[in-house]
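J.: Take this structure, written in structure tokens, and hold onto it; I'll ask about it next.
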Amino acid sequence: MTVDGALLLDVDGLTVEFNGPNGWVRAVEDVSFQVHAGEIVGLVGESGSGKTVTSLGVLGLTRAQGGRMPHGRVVFEGTDLVTLDDKALNRIRGRRIGMVFQQPIRSLNPAFTIGEQIAETIRHHEGISRSDAWARTVTLLDKVHIPEPAKRARQFPHEFSGGMCQRAMIAMALSCSPSLLIADEPTTALDVTVQAVVLDLMREIQAETGVAILFISHDLGVIADMADTVAVMYAGQVVERASVEELFISPRHPYTAGLMAAVPRVGQGRQLVAIEGNVPDPGNYPTGCRFHNRCEHAVAMRCDTDLIPLLPAGEAHDSRCVRTSELMLEGVVVA
Amino acid sequence: MLKLVGRRLAWAPLILLMISFFVFTLVDLAPVDPAVAMAGNNPDPALIAQLRHDFHLSDPLPVRYVRWLGHALHGDLGNSYFTRQPVGRSVLDMLPINLSMMLVAVVMILVGGVLLGVLGALRPGKILDRLVTAGGSVAVAVPPFWLGLLMVLYLSVFHQVFPAIGYVKFSTSPWEWLKHLLMPGFALSTLPIATVALQLKGSLTETLGRDYILTARAKGLASKTIIFKHALRNAAIPVLTVFGLQVAYIIGGSVIIEQVFGIPGLGSYLITAAQAGDINPILGVVVLSTMVVILMNAAVDIAYGFLNPKLRA
């Protein structure tokens, strides 16, 4: 899959801070990645690496949670979203950028029918009549393969299964034909079989509408399956960026390689290697490379002193590692 | 849902039966002899005996209760021993006064409780939140009759803003009706307003942290829509129970508030009757207020179904 669409979303140096008991804590720092029209960009990392905060930050949704963005730009369709107020952002949220969340059942309001919640979005942004919005809602539910959509639209979230709720959420996110869909762990809470069906649905919709997707997951397998390009996050930073093939064949950051070594594979008879330790909490990030105290390749005085920038590591490939050029790291795909 | 309400209402006759019997027994235990009270000052023992006989006061309690019940089932709640007025008639005459007070108080609770609850939930931990919490704690501790007296002193005596006492029928002058009810309504509703506001604040703060609120924000909805449509509807569910209890409290509280503001309602009627052991008016008021509470609970049940679709079906 090659992407030759125009630049749609340019996240550049995004930094998000939250006010904690000991002052402002930086949850996400200097995150940069790009999404082109029609592209699927994967954002991968462990829990606590800042994926969700990044995705919420793009839409300014971190503000409602008491967050601030002191640095960085989020240029979407030519506008820097960081500079917009809520009123202006509300014309982009749900209309130009749709969002799908991790917990489909909890993400729908239990007091309103599925149809009401989708039609509300359409009416809010397009101001069309109630009956037109309803007709489009039923069409949308049909498009995400919900059987008997006219009847289902009148039902409440508690009458839907998790997978059905996620389809409804996808229908809602796409209801105003956005150019970007942000999917934050959209299949993590679902059964494996349902997961596959929802992923198929997202791919199908992507092919049909050409919507770009920012796909967030902790699951490397899902990312390999879905994404065109990938950004790997660790401790609030992007540590590696590359096309999906490049990343999986030759990872250039020890953390990425560590993640890949931790994925079980059939027929290799190799022991799984876990990365020792845990992701540090925001506010307790080590100096230097944030991964150095878990990294088997770390070298004193080089890895633990200075802040490390994203360094070029090949054709459209960046890595936040000072030893990138010295290390031979193992990927997943045997070419 | 309607089945649930129907089942609840099916219990109403039994509840009324139990409450009326309980009150009947209680009045009988009270050290007040209506015959003595009726006979007036320096009573002649013969007159007392005559009155006892005329009003069947010497019959055993179960006999008197069953007799009362038999009449009540035919819609006759008996007469007052003293005024000889039929209780049913008097009670129905006074009911609009109490319903008016309830109406004013309930409107105040809904408006005040919701407004303060929402304001307190907007920014948790900030000044408004703390003010609502502190104000609520104070309001819960203030005795309504004391507040009523203070209002009379400041708003009727020192500054003639509202009339101190009395009641004017709505049909006579809606404006005067309202003016006479604002102070008693407020005295009655301070505690419920505080209770409802504190409950709603807590419930709304929790609701605003829910995933579906984030969804609503991501849809681009305005904060107003999110709070009043998406959050309030869910946050109101636990508050509804508290609200129902507060309405029952108002019915009880109005007995005292009527005294403070000289309102000739059911409360004054009840107190006069209780002081003389005049059993029929007491039972009449108790039966009526029990029915109001039962209907109120049914209304709360129906409101539950409206707010929470899981309870319908």
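The values are calculated or read from the model by the stated rules, or taken from the named source; none is laboratory data. This one's a predicted model, so the numbers in the text were calculated from it and none came from an experiment. Positions of Cβ are backbone-derived with ideal geometry, glycine not excepted, and every protein chain shown enters the neighbour counts.
J.: Give the residue, chosen from B:A37, B:A139, B:A134, B:A72, that is free of Cβ contacts under 8 Å to residues at least 24 places away in the same chain and of a type in the set (G, A, S). Full working, then the answer.
T.: Working: B:A37 fails: free of Cβ contacts under 8 Å to residues at least 24 places away in the same chain; B:A139 fails: free of Cβ contacts under 8 Å to residues at least 24 places away in the same chain; B:A72 fails: free of Cβ contacts under 8 Å to residues at least 24 places away in the same chain.
Answer to the check: B:A134.
J.: Out of all the residues in the range B:157-164, is one or more of a type in the set (S, T, N, Q), out of contact with any Lys or Arg (no Cβ under 6 Å at 6 or more places or on another chain) and at pLDDT 90 or above?
T.: no
J.: Quick check on the range A:95-110: of everything there that is surrounded by fewer than 24 Cβ atoms within 10 Å (Cβ to Cβ) and without any contact (Cβ under 8 Å) to a residue 60 or more places away in the chain, which residue is farthest from the other protein chains (Cβ to nearest Cβ)?
T.: A:P110
J.: Let me ask another. Give A:M169, A:M99 a once-over and let me know the one that is part of a helix (DSSP H, G or I) and touching a Ser or Thr at 6+ places or on another chain (Cβ under 9 Å). Give the steps one after another, and end with the answer.
T.: Working: A:M99 fails: part of a helix (DSSP H, G or I).
Unique residue meeting the criteria: A:M169.
J.: Being of a type in the set (D, E, K, R), more than 25 Å from B:I213 (Cβ to Cβ), over 12 Å from the mean Cα position of the chain (by Cα) and crowded, with 18+ Cβ neighbours inside 10 Å: is that true of A:D30 here? Give the steps one after another, and end with the answer.
T.: On the way: of a type in the set (D, E, K, R): yes; more than 25 Å from B:I213 (Cβ to Cβ): yes; over 12 Å from the mean Cα position of the chain (by Cα): yes; crowded, with 18+ Cβ neighbours inside 10 Å: yes.
Answer is yes for this residue.
J.: Next question. Quick one: A:K151 ticks every box in (1) within 14 Å of chain B (Cβ to nearest Cβ); (2) in a helix (DSSP H, G or I) bar one, so which box is it?
T.: (1)
J.: For the range A:50-94, give me each residue that is within 12 Å of another protein chain (Cβ to nearest Cβ), over 16 Å from the mean Cα position of the chain (by Cα) and assigned to a helix (DSSP H, G or I).
T.: If the condition is that a residue be within 12 Å of another protein chain (Cβ to nearest Cβ), over 16 Å from the mean Cα position of the chain (by Cα) and assigned to a helix (DSSP H, G or I), then A:R63, A:A64, A:Q65, A:D86, A:K87, A:A88, A:L89 are the ones that fit.
J.: A further question on this structure: With respect to A:I128, is the statement that it is in a strand (DSSP E or B) and either at pLDDT below 95 or among the β-branched types (V, I, T) (or both) true? Before you say what the answer is, go through the steps one by one.
T.: Values: in a strand (DSSP E or B): no; either at pLDDT below 95 or among the β-branched types (V, I, T) (or both): yes.
So A:I128 does not fit the description; no.
J.: Further question on the same structure: Based on this model, can you work out whether B:M101 counts as within 18 Å of B:V242 (Cα to Cα), in the same structural domain as B:G267 (by TED's automatic domain parsing) and within 24 Å of the chain's Cα centre (by Cα)? Explain how you work it out, then say what you get.
T.: Working: within 18 Å of B:V242 (Cα to Cα): no; in the same structural domain as B:G267 (by TED's automatic domain parsing): yes; within 24 Å of the chain's Cα centre (by Cα): yes.
The answer is no for B:M101.
J.: I'm told B:I294 meets every condition in (1) at pLDDT 90 or above; (2) within 20 Å of A:I114 (Cα to Cα); (3) touching a helix residue (DSSP H, G or I) at 6+ places or on another chain (Cβ under 9 Å) except one. Can you identify the failing condition by its number?
T.: Answer for B:I294: the failing condition is (2).
J.: Search the range A:179-198 for residues being without any contact (Cβ under 8 Å) to a residue 60 or more places away in the chain and under 28 Å from A:R91 (Cα atoms), and hand back the single one that is surrounded by the most Cβ atoms within 10 Å (Cβ to Cβ).
T.: Just the residues of the range A:179-198 that are without any contact (Cβ under 8 Å) to a residue 60 or more places away in the chain, to begin with: A:187, A:191-198.
Restricting the remaining residues to those that are under 28 Å from A:R91 (Cα atoms) gives A:187, A:198.
Working: A:T187: 26, A:V198: 23.
So, considering only residues that are without any contact (Cβ under 8 Å) to a residue 60 or more places away in the chain and under 28 Å from A:R91 (Cα atoms), the one surrounded by the most Cβ atoms within 10 Å (Cβ to Cβ) is A:T187.
J.: Further, regarding this structure: What number of residues within the range A:133-160 are more than 20 Å from B:G220 (Cα to Cα) and without any contact (Cβ under 8 Å) to a residue 24 or more places away in the chain?
T.: Adding up the residues that qualify gives 10.
J.: I would also like to ask the following. Identify, by number, the condition in (1) touching a helix residue (DSSP H, G or I) at 6+ places or on another chain (Cβ under 8 Å); (2) surrounded by fewer than 19 Cβ atoms within 10 Å (Cβ to Cβ) that B:V111 doesn't meet.
T.: Failing condition for B:V111: (1).
To keep it simple, each residue is scored yes or no on (1) over 30 Å from A:M99 (Cα atoms); (2) in contact (Cβ under 8 Å) with a residue 12 or more places away in the chain; (3) crowded, with 22+ Cβ neighbours inside 10 Å.
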| site | (1), (2), (3) |
| --- | --- |
| B:F162 | yes, yes, no |
| B:M183 | yes, yes, yes |
| B:P192 | yes, yes, yes |
| B:L200 | no, yes, yes |
| B:A222 | no, no, no |
| B:T225 | no, no, no |
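J.: Out of all the residues in the range B:259-267, is one or more surrounded by fewer than 20 Cβ atoms within 10 Å (Cβ to Cβ), in contact with a Pro (Cβ under 7 Å, 6 or more places away or on another chain) and in the same structural domain as B:L103 (by TED's automatic domain parsing)?
T.: So the first thing to find is which residues in the range B:259-267 are surrounded by fewer than 20 Cβ atoms within 10 Å (Cβ to Cβ), and the list is B:259, B:262, B:264.
Subsequent filtering for residues that are in contact with a Pro (Cβ under 7 Å, 6 or more places away or on another chain) retains none.
Looking for residues that are surrounded by fewer than 20 Cβ atoms within 10 Å (Cβ to Cβ), in contact with a Pro (Cβ under 7 Å, 6 or more places away or on another chain) and in the same structural domain as B:L103 (by TED's automatic domain parsing), one finds none in the range B:259-267, hence no.
J.: Tell me, which helices (runs of 4 or more DSSP H) lie completely within the range B:1-62 with 1 or more residues that are loosely packed, with under 11 Cβ neighbours inside 10 Å and either not small (G, A, S) or not assigned by TED's automatic domain parsing to the domain that holds B:D278 (or both)? Step through it out loud before you land on a result.
T.: Numbers: elements: B:2-10, B:12-29, B:34-39, B:45-54.
Those helices (runs of 4 or more DSSP H) span B:2-10, B:12-29, B:45-54.
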